[in-house]
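> Provided herewith is a single structure, encoded as structure tokens, for subsequent inquiry.
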Amino acid sequence: MIEMPLAPERQRDSEYVSGAEAAQLLGVKPQTLYTYVSRGVIQSFPASTGQRRLYFRSDIERLRSRPRARRAMGALAASAMYAGEPIIATSITEITSQGPRYRGRLATELVVAGLPYENVAEFLWTGELLDEPIRWTFEPLPLETQRIIKALEHSRADAPIAHVFATIALSISMARGTRAARLRTSSTITAARQVLQTFAGCFGFLSARHAYLPYPKATSIAAAVLRASGLACTDDRTRMVNGLMVLLADHELSPATFAARIAASSGADLHACLVSAIETSSGRRIAEIYDRTEEFLRGAKSKAELMQRARDYQSSGGTPPGFHQPIYPHGDPRAPYVLDLVRRAGRSSRHLNMVFAFLDEADSRLELKPRMEFGVVAIAEALGFPRRAAAGLYILARVAGWVAHVMEQRLSASLLRPRAKFVG
């Protein structure tokens, strides 16, 4: 029997459509429509008169939307991945023109409030922000990890601090046994605290003594870093390092954070996720920016020499290390804040004064705006940290954010599996 479509005025008002209309709306043959019905994808029922069958318009519209949604999401995912910007929903950090917001609170506001890094870390992990300073008790390291640390001390190898961190994190994971045993014996937050305290002691590998310094009891991460680096733990130094670490604690979906979330989605334990993030950070385009910024500044005798170095980079089509953060087209708001910390601390030196003068001229003449990495290097130099400590400060501080993202990813119970578009 040939089915007649409903009259136009009834098509708009009716919640039902005929078989002919349904096939036309879906762009399929009648046989395909009947297959959808047999598989329960859409429902049909007999009309009140005749042998015609009717179909719910809502079923048809829902089915129509599926191919469009798949095509749209596929195109969006492909363009996002090729542009380097995959999108994952998160309630941890939002990047704004004023800098990162941690769970709705500007990172700079948390620094102004004088909150310890430990408080901010637990805020990222739990969503609860306490005013009273938090001090963590230290969980002893496994014997296997202690042996690894001793081996690193005896090796005298000049390994980047990122590789030291990754080696120690992996050794802790291996020493804790099976995944089931790890879940029974400790929580993610307890393990995260231990990692941060252990990494703080690793700054001793950068100092003249080249030795790990165990975490002192009842102290802060910032103070432990200074102590391990061979520096005096004065109030202003501790305040500067603490503020720096708060600003670095998270920065939304950076490549290393994405790597940590991918590992977490696969069921990897916390330490494996952190190793993934650390090694992703160790590359030339992330942590090595700190080392290259140090090299850019090292040995310069005058502002004019630094300006010439910057011009040489630009003339070859590049950007000097430590400048231009694409996420912030009008300038990284964290950098001037960090540089202001150095100025307000009153730790001026001939070299620092030259650097500040260079920054002013580079901005006005070359339109170069410093990014966070430049500020971290400036603070490290102002406080007398050993060479290559700036990259270590970044990785140490970012552990808080990585742990938060690992915890959030686990709660989603989804496997991050981007699809490839074959073009060969």
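> Would you confirm, using the coordinates I've provided, whether ARG388 is on the phi > 0 side of the Ramachandran plot and in contact with a helix residue (DSSP H, G or I) (Cβ under 9 Å, 6 or more places away or on another chain)? It would help to see each step written out before you state the result.
Numbers: on the phi > 0 side of the Ramachandran plot: yes; in contact with a helix residue (DSSP H, G or I) (Cβ under 9 Å, 6 or more places away or on another chain): yes.
When the stated conditions are applied, ARG388 passes them.
> Filter the stretch 384-407 down to the residues that are of a type in the set (A, V, I, L, M) and surrounded by fewer than 23 Cβ atoms within 10 Å (Cβ to Cβ) and list them by number. Steps first, please.
Taking the stretch 384-407 as the starting set, the residues that turn out to be of a type in the set (A, V, I, L, M) are 389-391, 393, 395-397, 399-400, 403-404, 406-407.
Listed by number, the list holds a single entry, MET407.
> Would you mind telling me which numbered condition in (1) assigned to a helix (DSSP H, G or I); (2) in contact (Cβ under 8 Å) with a residue 40 or more places away in the chain LEU359 fails?
(2)
> Here's a follow-up. I want to confirm something. Restricting to the stretch 254-271 and keeping residues that are touching a Ser or Thr at 6+ places or on another chain (Cβ under 7 Å) and either without any contact (Cβ under 8 Å) to a residue 12 or more places away in the chain or closer than 17 Å to ILE161 by Cα (or both), which single residue is surrounded by the fewest Cβ atoms within 10 Å (Cβ to Cβ)?
If we take residues in the stretch 254-271 being touching a Ser or Thr at 6+ places or on another chain (Cβ under 7 Å) and either without any contact (Cβ under 8 Å) to a residue 12 or more places away in the chain or closer than 17 Å to ILE161 by Cα (or both), then HIS271 is surrounded by the fewest Cβ atoms within 10 Å (Cβ to Cβ).
> Scan the stretch 136-146 residue by residue and report those that are surrounded by 13 or more Cβ atoms within 10 Å (Cβ to Cβ) and of a type outside the set (Asp, Glu).
TRP136, PHE138, LEU141, PRO142, THR145, GLN146 - these are the residues of the stretch 136-146 that are surrounded by 13 or more Cβ atoms within 10 Å (Cβ to Cβ) and of a type outside the set (Asp, Glu).
> Of all residues being small (Gly, Ala, Ser) and assigned to a helix (DSSP H, G or I) in the stretch 279-334, which is surrounded by the most Cβ atoms within 10 Å (Cβ to Cβ)? Just the residue, please. If you could, list the steps in order and put the result at the bottom.
Quick first cut of the stretch 279-334, residues small (Gly, Ala, Ser) only: 281-283, 287, 299-300, 302, 304, 310, 315-318, 322, 331.
Filter once more, so that each one left must be assigned to a helix (DSSP H, G or I): 281, 304, 310, 315.
On the way: SER281: 25, ALA304: 13, ALA310: 20, SER315: 8.
Out of the qualifying residues, it is SER281.
> From ALA151, ALA166, grab the single residue that is modelled with pLDDT of 90 or more and in contact with a helix residue (DSSP H, G or I) (Cβ under 7 Å, 6 or more places away or on another chain).
On the way: ALA151 fails: in contact with a helix residue (DSSP H, G or I) (Cβ under 7 Å, 6 or more places away or on another chain).
ALA166 is the lone residue from the list that is modelled with pLDDT of 90 or more and in contact with a helix residue (DSSP H, G or I) (Cβ under 7 Å, 6 or more places away or on another chain).
> Let me ask something additional. When you scan the stretch 104-118, do you find a residue that is small (Gly, Ala, Ser), in contact with a strand residue (DSSP E or B) (Cβ under 6 Å, 6 or more places away or on another chain), touching a residue at least 24 places away in the same chain (Cβ under 8 Å) and surrounded by 13 or more Cβ atoms within 10 Å (Cβ to Cβ), even just one? Walk me through how you get there before you give the answer.
Residues of the stretch 104-118 small (Gly, Ala, Ser): 104, 107, 113-114.
From what's left, in contact with a strand residue (DSSP E or B) (Cβ under 6 Å, 6 or more places away or on another chain): 107.
This time we only want the ones that are touching a residue at least 24 places away in the same chain (Cβ under 8 Å), so: 107.
Imposing the further condition that a residue be surrounded by 13 or more Cβ atoms within 10 Å (Cβ to Cβ) reduces the set to 107.
Yes, that holds for at least one residue.
The values are calculated or read from the model by the stated rules, or taken from the named source; none is laboratory data. Bear in mind the structure is a predicted one, so any value in this text is a computation, not a measurement. As a convention, Cβ positions derive from the backbone with ideal geometry for all residues, glycine included, and neighbour counts pool all protein chains shown.
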